[in-house]
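Encoded as structure tokens, the structure appears first; notes follow it.
The values are calculated or read from the model by the stated rules, or taken from the named source; none is laboratory data. Keep in mind that what you see is a predicted model, and the values were worked out from it rather than measured. Backbone-built Cβ (ideal geometry, glycine too); neighbour counts: all protein chains shown.
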Amino acid sequence: MSTMITVRLPDKLAKELSNISRITERPKSYFIQKALENYLNEQAELQIALDRLRDISDPIISLEEMRKEIGL
């Protein structure tokens, strides 16, 4: 199942999207979906990193300690 969503894009971005769609013979929706998936994944990873940074029970080690720990 899918949901239709309407968005407004700046002319330049819409033209770039049309060009890549034409060149690759893929629908514009394919690129919009992939871009949104990537953005949401990056945001989720960022939130995890921020949560870990704020977690006072998660120890912070120096670069030197990390290198020793992984054998570099």
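If you check Lys68 against the conditions, is it at pLDDT below 95 and of a type outside the set (Asp, Glu)?
Here the answer is yes, as Lys68 does meet what is asked.
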Residues located in the stretch 4-37, provided they are on the phi > 0 side of the Ramachandran plot and either touching a residue at least 12 places away in the same chain (Cβ under 8 Å) or surrounded by 10 or more Cβ atoms within 10 Å (Cβ to Cβ) (or both):
none
Tally time: how many residues in the stretch 34-63 are under 20 Å from Leu17 (Cβ atoms) and basic (Lys, Arg)?
1
Give me the pairs: first residue in the stretch 50-62 and free of Cβ contacts under 8 Å to residues at least 60 places away in the same chain, second residue of a type outside the set (A, V, I, L, M) and not in a loop (DSSP other than H, G, I, E, B), beta-carbon distance under 6 Å, and six or more apart or on different chains, which are they?
Asp58/Arg52
What are the residues in the stretch 1-42 that are in a helix (DSSP H, G or I) and aliphatic (A, V, I, L, M), if any?
Leu13, Ala14, Leu17, Ile20, Ile23, Ile32, Ala35, Leu36, Leu40
